Amino acid sequence: MSATPIHLLLIEDNALHRRLIQQLLKADTQLRCDVEAVERLDTGLMRLAQGNVDLVLLDLVLPDSQELETLWRVRLVAPQVPVVILTSLDDVKLAARAVESGAYDYLVKSHLKGASLGRAVRYTLARARARGGEWDSPMFRLAQQQFLKAAQYMNLDDNVRQRLLFPQRAQMVSFPFLRDDHSQVETVFGYRVQHVLTMGPTKGGIRYHQDVTLGEVAALATWMTWKCALMRLPFGGAKGGVRVDPTALSSSELQRLTRRYTTEIIEMIGPDKDIPAPDLGTDEQVMAWVMDTYSQQMGHAVPTVVTGKPVVLGGSLGRKEATGRGLVYLIEASAAHLGLELAGSTAVVQGFGNVGSHAARFLAELGVKIIAVGDVSTALHRHEGLSVEALEAHVAQHRVLGGFPDAEPIGNKELLELDCDILVLAALQNQVTVENAADINCRLLAEGANGPTMLEADDILHERGIFVLPDILGNAGGVTVSYFEWVQGMQNLTWTLDEINGRLKAILLDAFQRTLRRAQAERIDMRTAALIEGVSRVTEAKLLRGVFP
Ligand code: NAD
């Protein structure tokens, strides 16, 4: 219990509820708090403006303010103070939207109990403190908000809800690597996060990017959990990352960095523990170095410690292109659902690395005209369509799209807003936001990247009738073939490419149909439906395994 009392402001017009909440908080032995209660929002805002409030418990329907406006006004006066909202049972949508607008948590008034109220307050304060530190990132906030929204719709067990908000394990390391001049030693930060260990070993990529933080890796690990569960794979979610710009390193520097990072996280990984794979900024060569470093430490070859490795080292046929291929299988299924004829339709692809280039190639094979592509260096537009082969050849030689002839260079903003049938996002997070969601001009938004759409933007896209293939479904082809690679490695078997693609398609289409059916039946967006599919499976497993000890 905290030594200094928490200052809690309760803004609630119902006298009965005010009294009940005050009594429950007073009786909570794990909390020491002063509760100040007011009936009206204007009084509450005046109190907030004076400062020294640690948390607000807020009824959204007050005599002088209604619904989300109540929350917005509180956040305007005290943006740093965490808010837990009080809702009635029939306000599921309102609570979900309040979470999207920045509320930390919600409590259903008719279900108020001392345990859940006290815990919501304690956990919210813990999360608010974490936000101030390394955990905080827009991506982790997004992952938590998406989860809380799904949890609200599915009326998720409160014990499980609180348990799943943060990852189970996280390791943060700082380590050196030698530059090629053999005199400079760079020190960088690395992370490995395991979100849920309930489902089996954990699984997730390793990202090399200059903006990697613990919060970003935690968000990616969280999404991996829902993705694996949605695909019904026997894995929990994990992710790793190093805060470094890989494009500024030579191949030998990248190798030394990878070997040292692997050594730093070696206790966490292993074929039965946690199995890394490629992600942004890493590829099969990096996986080969991870495998070799791990194997050197074990004294024998351990190919199953990573997936996405070269085929000659035990990699799976079809793994390299699996994310792009899977995305295109799902685009085909979405197009059939929307009545969109793919041959002759148009697509814009943001990101031309592993996911984007393969997606572009498979779309072109289906007769889709790729009218624009973009990467870190430039974006290119050609109304008559671009040759994917020519783009690939240019990138193979120059690493990036910049300098490609025969196309008009445009900006990233313009790229995303081009009129097209299919917009493929295969680069970074945070691309479709509340600022540009109204200007996105596609029928189908296919997310190959993780976290490219912000939560408020989701609502706008949904209202505008844009069909979204959410990331945990759209890019799940990668982890699915990684699973095949791991299974083949564990059994010393090799499957043919046809077998792999056939199984991949079956798994993805099954997840697509389940998600679509749920979205239609419950009148919710595809992302929330996909999350509910994943979260339900993890919840069932958690409840069956129970709490240790
Ligand atoms: P990659 O490194 O191979 O390619 C990334 C691409 O994004 C490159 O073309 C790069 O130039 C571009 N890019 C980087 N910064 C950009 C910016 N600011 N603006 C526009 N473009 C930018 O990475 P990848 O493996 O293709 O991963 C792309 C996304 O897909 C990531 O979000 C990753 O998490 C996700 N993803 C990848 C896999 C996989 O199997 N590789 C699986 C699931 C999800």
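The values are calculated or read from the model by the stated rules, or taken from the named source; none is laboratory data. Please read these numbers as outputs of a predicted model, since none were measured by experiment. Glycine gets a Cβ as well: all are built from the backbone with ideal geometry, and neighbour counts include every protein chain shown. When the accessible area is computed, the model is the full protein with side chains, heavy atoms only, and any ligands, DNA or RNA have been set aside. Shrake-Rupley method; radii C 1.70, N 1.55, O 1.52, S 1.80 Å.
Here are some notes:
- Per-pair calculated FRET efficiency, R0 = 41 Å: Asp13 and Ala126 via Cβ, rounded to 0.05: 0.90
- Accessible surface of the chain [probe 1.4 Å, protein heavy atoms]: carbon and sulfur percent: 51
- Protection proxy ranking, peptides 143-153, 471-481, average beta carbon neighbours within 10 Å, highest first: 471-481, 143-153
- For the residues Glu100, Glu134, a 1.4 Å probe over the protein chains yields an accessible-area ranking, largest first, of Glu134, Glu100.
- Rounded to whole numbers, the Karplus 3J(HN,Hα) couplings from phi for segment 117-131 are 5, x, 5, 4, 5, 5, 5, 5, 5, 5, 5, 5, 5, 4, 4 Hz, using 6.51 cos²θ - 1.76 cosθ + 1.60 with θ = phi - 60°, and x at Gly and Pro.
- Rounded tilt (10° steps) of 15-27 against the dominant C-alpha axis of the chain: 70
- Relative contact order of segment 207-308, pairs being alpha-carbon contacts under 8 Å that are 6 or more residues apart, as %: 27
- Our summary of shape: the Cα atoms of segment 1-70 have principal axis extents of 35, 27, 17 Å, ordered from largest down, in whole angstrom.
- Cβ-based net charge around Phe548, under 13 Å, with every Lys or Arg adding one and every Asp or Glu removing one: +3
- Modelled spin-label separation between Val61 and Met46, with each label point placed 7 Å from Cα along the Cα-to-Cβ direction: 2.6 nm.
- Net length gained if the chain between Phe548 and Ser387 were fully extended (0.36 nm per residue, minus Cα distance): 52.3 nm
- Residue-normalised accessible area of segment 405-545, expressed per residue, 1.4 Å probe, Å²: 41
- Across segment 197-318, Cα-Cα pairs more than 18 Å apart make up 50 percent of the total.
- Whole-number accessible area per residue in Å² for segment 133-267, which is evaluated in the context of all protein chains at 1.4 Å: 33
- Relative contact order (%) - the chain, alpha-carbon pairs under 8 angstrom, separation at least six: 11
- The label point for Arg517 and the one for Thr496, both projected 7 Å from the Cα toward the Cβ, are 3.1 nm apart.
- Taking 0.36 nm per residue of sequence separation and removing the Cα-Cα distance, the Ala343/Ala396 pair yields an extension gain of 16.3 nm.
- Sorted into 5 angstrom bins from 0, the C-alpha pair distances of segment 418-476 split as 5, 22, 34, 30, 9, 1 percent.
- Our note on the geometry: Cα centres of segment 28-78 and segment 398-423, 47 Å apart.
- 16 Å reach of a label modelled at Gln171, 7 Å along Cα-to-Cβ, counting backbone N of segment 188-231: 189-197, 201-207, 214, 218
- Overall, the ratio between the Cα radius of gyration of segment 20-119 and 2.2 N^0.38 Å, rounded to two decimals, is 1.03.
- Packing, taken as the mean count of other beta carbons within 10 Å per residue, orders the peptides 167-178, 446-457 from highest to lowest as 446-457, 167-178.
- The Cα atoms of segment 455-549 define a convex hull whose projected area, averaged across directions, is 8.8 nm².
- Solvent accessible area, Å² - Ser101, 1.4 Å probe, full protein context: 30
- Kirkwood hydrodynamic radius over Cα pairs of the chain, then Stokes diffusion coefficient at 37 °C and 0.692 mPa s, in µm²/s: 134
- Unsatisfied cross-links (Cα-Cα over 22 Å) in the set Lys239/Lys320; Lys227/Lys542; Lys239/Lys413; Lys93/Lys542: Lys239/Lys413; Lys93/Lys542
- Counting only protein heavy atoms and using a 1.4 Å probe, the accessible area of Trp289 comes to about 20 Å².
- Computed extension gain for Asn441 through Asn412, at 0.36 nm per residue and net of the alpha carbon distance, reaches 9.0 nm.
- Computed with the Debye formula from one identical point scatterer per Cα of segment 208-254, without solvent, the log10 of I(q)/I(0) at q = 0.17, 0.20, 0.29 Å⁻¹ comes to -0.58, -0.68, -0.93.
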